[in-house]
Amino acid sequence: MSLKAVLFPAVVLCLMLTMHYAVFRSVMYFFHITRPAHKLLIYTVMVLLSVSFISAFVLLHWQENPLTIAYYRFAAVWTGFMIHCLSATAAAWLFIAAARLAGSKAALGWVAGAMLALALAGSVYGIWAAFYPKIRHVTVPVTYLPEQWENNSIILVSDLHLGLMHQNGFASRVAEMVNSQDPDLILITGDLIDGMGGPYADNLKPLKDLKSRQGIFFVTGNHEHYAGLERSLSLISQIPLRILDNEFMEIAGLEIIGVSYPGINSVADIRNLPESKKPGRIRIAMFHTPTEMGMNHEKFKNQHLANYWMPDTGFKTNQKLELDLQLSGHSHHGQLFPLNFLTRFLYRGYDYGLKKTDNFAIYTTSGTGSWGPPMRTAGRSEIVVIRLVQQSPK
């Protein structure tokens, strides 16, 4: 077993223990729990809950059955709730400190109770929000707009994470919402399935009903690798879509480049790519992460870690391709408050929304599903309707 294989779960376990201790210890202080027997019971429960997500992950990969699935679902929901409890605990301490500085004595139990109730309410809302995406309309100005694409719509979906949490019913809802927009083109930028397992074939069935005048296109994300790339592509190919694996194609004046995760060594890896962009064309790239598409590491694991924790947002390769627009996902916009601040820092502001530099623009979606905790309290689940418009002359 490699050092990395041991180090990662150890770091996660330490973070979980620290988070749980901060919340449980604060709760004991707020509610004046001092009896040794009660404290021992609370600490025992704290340790068991701290290891729940890691142990559920291990058990689920060892054997997927109703019991391990139920345990994983509980652990995932609990973890999301605890992240919100940590924020609520911090808010309670700040309120109490402010009250003391102002010379007043705050009722610890009432303050803590109110904050924890907010954490619970936020978690309940987050569960609902994770399963009911909203339609978001985005207008993207481009230098040249072919007549064929005036008033046309491009649907972007990403990070559905179909698996043990988001299943057939969710996929049906997404398909209905997408079709209701009468799209001209549908682009799916990875993590269509979730690497934690689940009834993939059944979950994907509703997506066979997707309709688009100009086709449906897909590029891989990191979770297709987690589930096994060959297996993932075999399942996804049952949907009437085209998998773009480092490939260039043109549709009615729109040039599309699909780059597979985790990236390419050079632009020479892109099949059918012309020497230069044709005049009067729009060029769009599909890439899972809001990062540079060129790889800085030879090994998949090293590049994957870099895309997570040391993302390259220089976009040198991307701009070399004369892109008008890059479409990405992956970051989930943090998914849970306050993790959106972390993703904003890591991706230097490219973790969500439309960003434009000169003639290059990138739209990063918050994604349509969720991973781990089935909650959304930072980046709301979305299906993006993109309309290209002629950029006004300067």
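Throughout, read-outs are computed from the coordinates displayed, never taken from laboratory work. For clarity, every value in this text was computed on a predicted model and none was experimentally measured. Backbone-built Cβ (ideal geometry, glycine too); neighbour counts: all protein chains shown.
Which percent, to the nearest 5, of DSSP beta bridges fully inside the range 251-369 are antiparallel? Spell out each step's value before the answer.
On the way: 6 of 19 bridges.
DSSP beta bridges in the range 251-369 are roughly 30 percent antiparallel.
Please list the equivalent ellipsoid semi-axes of the range 28-92, computed as the square roots of five times the alpha-carbon gyration tensor eigenvalues, in descending order and whole angstrom.
28, 16, 7
What number results when the radius of gyration of the range 155-282, computed over Cα atoms, is divided by 2.2 N^0.38 Å?
The value comes to 1.09.
Counting just the Cα atoms, what span does the range 271-345 cover along each of its three principal axes? Round to the nearest Å and put the largest first.
44, 28, 18
Quick one: helix 168-180 against the long Cα principal axis of the chain, what's the angle to the nearest 10°, folded into 0 to 90?
The angle comes out at about 40 degrees.
I want to make sure I understand the PRE zone here: with the label point 7 angstrom from the Cα of Ala97 toward its beta carbon, which residues in the range 21-40 have backbone N atoms less than 19 Å away?
21-31
Ranking request for peptides 212-218, 41-47, 274-280: highest mean number of other beta-carbon atoms within 10 Å first, then the rest in descending order.
Details: 212-218: 19.0, 41-47: 13.6, 274-280: 9.4.
My ranking of the peptides, most packed first, is 212-218, 41-47, 274-280.
When DSSP assigns beta bridges and you keep just the ones with both residues in the chain, what percent turn out antiparallel, to the nearest 5? Please list the in-between numbers first.
Values: 13 of 48 bridges.
Just about 25 percent of them are antiparallel.
Counting helices only, and only those DSSP H runs with n ≥ 4, report the 222 nm mean residue ellipticity of the chain as the sum of -39,500 (n - 2.57) divided by its residues, in deg cm²/dmol to the nearest 500. Intermediate results must be reported in sequence, preceding the final value.
On the way: 12 runs with 168 residues, N = 394.
My calculation for the chain gives -14000 deg cm²/dmol from helical runs alone.
For the ranges 282-293, 240-251, what's the packing order if you count other beta-carbon atoms within 10 Å of each residue, average per peptide, and put the highest first?
282-293, 240-251
Relative to the longest principal axis of the chain, what angle (0 to 90°, nearest 10) does the C-alpha long axis of helix 300-309 take?
70
Please compare each pair in Lys278/Lys301; Lys134/Lys211; Lys134/Lys316; Lys211/Lys356; Lys205/Lys316 to a cut-off of 27 Å on the Cα-Cα distance and tell me which ones are over it.
Result: Lys278/Lys301; Lys134/Lys316; Lys211/Lys356; Lys205/Lys316 exceed 27 Å.
Phe341 to Gln238: FRET efficiency via 1/(1 + (r/R0)^6), r the Cβ-Cβ distance, R0 25 Å, to the nearest 0.05?
Result of the calculation: an efficiency of 0.05.
Mind pulling the angle between the C-alpha long axis of helix 36-50 and the longest principal axis of the chain? Nearest 10 degrees, somewhere in 0 to 90.
That works out to roughly 10 degrees.
Compute the signed sum of charges (Lys and Arg +1, Asp and Glu -1) over the other residues within less than 11 Å, Cβ to Cβ, of Phe131.
Every neighbour counted, the sum reads +2.
Over the chain, with a Gaussian network built from C-alpha contacts below 10 Å, which listed residue (Asn151, Asn222, Asn265) shows the highest mean-square fluctuation?
Evaluated over the chain, the most mobile residue of the options is Asn151.
Report the net charge of residues surrounding Gly195, where surrounding means a beta-carbon distance below 15 angstrom and charges are Lys +1, Arg +1, Asp -1, Glu -1.
Every neighbour counted, the sum reads -4.
Starting from the Cα gyration tensor of the range 155-225, take the square roots of the eigenvalues, sort them a ≥ b ≥ c, and report rounded, prolate or oblate (rounded when a/c is under 1.5, otherwise prolate if a/b is larger than b/c, else oblate).
Oblate shape, in that a/c is at least 1.5 and b/c is the bigger or equal ratio.
If packing is taken as the average count of other Cβ atoms within 10 Å, what order do 323-329, 8-14, 228-234 fall into, highest mean first?
Top of the packing list down: 323-329, 228-234, 8-14.
When P(r) over Cα pairs in 20 Å bins from 0, in percent is calculated directly from the model, which label among (1) 29, 55, 16, 0; (2) 30, 62, 8, 0; (3) 26, 53, 20, 2 fits?
(3)
Report D for the range 117-176 in µm² per second (integer): Stokes-Einstein, Kirkwood Rh on Cα pairs, 4 °C, 1.567 mPa s.
D = 88 µm²/s.
Do any GluC sites (Glu not before Pro) in the range 102-211 lie in a loop, going by DSSP, with at most 14 other beta-carbon atoms within 10 Å of their beta carbon, and if so which?
Here the GluC sites (Glu not before Pro) that fit, given the DSSP loop and packing criteria, are Glu150.
What is the Cα coordinate range of the range 240-369 on the first, second and third principal axes, sorted by size from largest, in whole angstrom?
That gives 43, 35, 30 Å along the principal axes, largest extent first.
Testing the spin-label approximation: label points 7 Å from Cα along Cα→Cβ at Phe300 and Ala114. State their distance in nm.
5.2
Quick one: if you stick a label point 7 Å off each Cα along the C-beta vector at Trp128 and Leu48, how many nm between them?
3.1
On the Cα set of the range 1-147, report Rg and Dmax in Å, please.
Computed over the Cα atoms of the range 1-147, radius of gyration and Dmax are 20.9, 76 Å.
Percent of alpha carbon pairs in the range 110-211 separated by more than 18 Å?
Roughly 60 percent, rounded to a whole number.
What is the mean projected area of the alpha carbon convex hull for the range 193-246, to one decimal in square nanometres? Present the calculation step by step, with values, prior to reporting the outcome.
On the way: hull surface 15.0 nm².
Mean shadow area of the hull around the Cα atoms is 3.8 nm².
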